[in-house]
1. Which of (1) exposed (fewer than 14 other Cβ atoms within 10 Å of the Cβ); (2) under 20 Å from residue 5 (Cβ atoms); (3) at pLDDT 90 or above; (4) among the aliphatic types (A, V, I, L, M) is the odd one out, the single condition residue 60 does not satisfy?
2. Would you mention how many residues in segment 38-55 are within 16 Å of residue 86 (Cβ to Cβ), modelled with pLDDT of 90 or more and in contact with a Phe, Trp or Tyr (Cβ under 9 Å, 6 or more places away or on another chain)?
3. Within segment 17-47, track down each residue that is among the charged types (D, E, K, R), surrounded by 14 or more Cβ atoms within 10 Å (Cβ to Cβ) and not in a strand (DSSP E or B).
4. Name the residue, out of 66, 113, that is in a loop (DSSP other than H, G, I, E, B) and either surrounded by 11 or more Cβ atoms within 10 Å (Cβ to Cβ) or at pLDDT 90 or above (or both).
Amino acid sequence: MIENNKEAAVWVALFGDSVVMMEERAGGAESRFNQLIDEHLKVQARALDDKGDYSSNREIVMYSTSRARGQGKIRLTSDYPAALIVFEKKLHAQLNRSATKTPALEVNAAFSSSDDDDSDSGLMIFN
């Protein structure tokens, strides 16, 4: 049985260390999902038809297993399938990168001033 099932249009921001989803509301935005990109973020993507990874009918399910931050689950779909596919690929790349980092490497990367750093730590926003 699915409980607390709500549908909302959200803005999605993918940062270098987290993913945030905000819903526009009268008087301001409300957070719908926010999670660090770490071992507590689980992501499952699937085509809702039989067209595979680049299907135009796709969904991404994200959930947090963190007891400290509260467990949550969200299903993300989009009227813009290319944006959803790019988001999925970037998120998986960041998840893979975070799984291989050690704290010492993170500190070195944070203070790196190299111009040849081609990491995907920028911000992606789409609605």
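1. (1)
2. 1
3. 38 - this is the single residue of segment 17-47 that is among the charged types (D, E, K, R), surrounded by 14 or more Cβ atoms within 10 Å (Cβ to Cβ) and not in a strand (DSSP E or B).
4. Answer to the selection: 66.
The values are calculated or read from the model by the stated rules, or taken from the named source; none is laboratory data. No experiment lies behind these values; they were computed from the predicted model shown. Cβ sites come from the backbone with ideal geometry, for glycine too, and all protein chains shown count toward neighbours.
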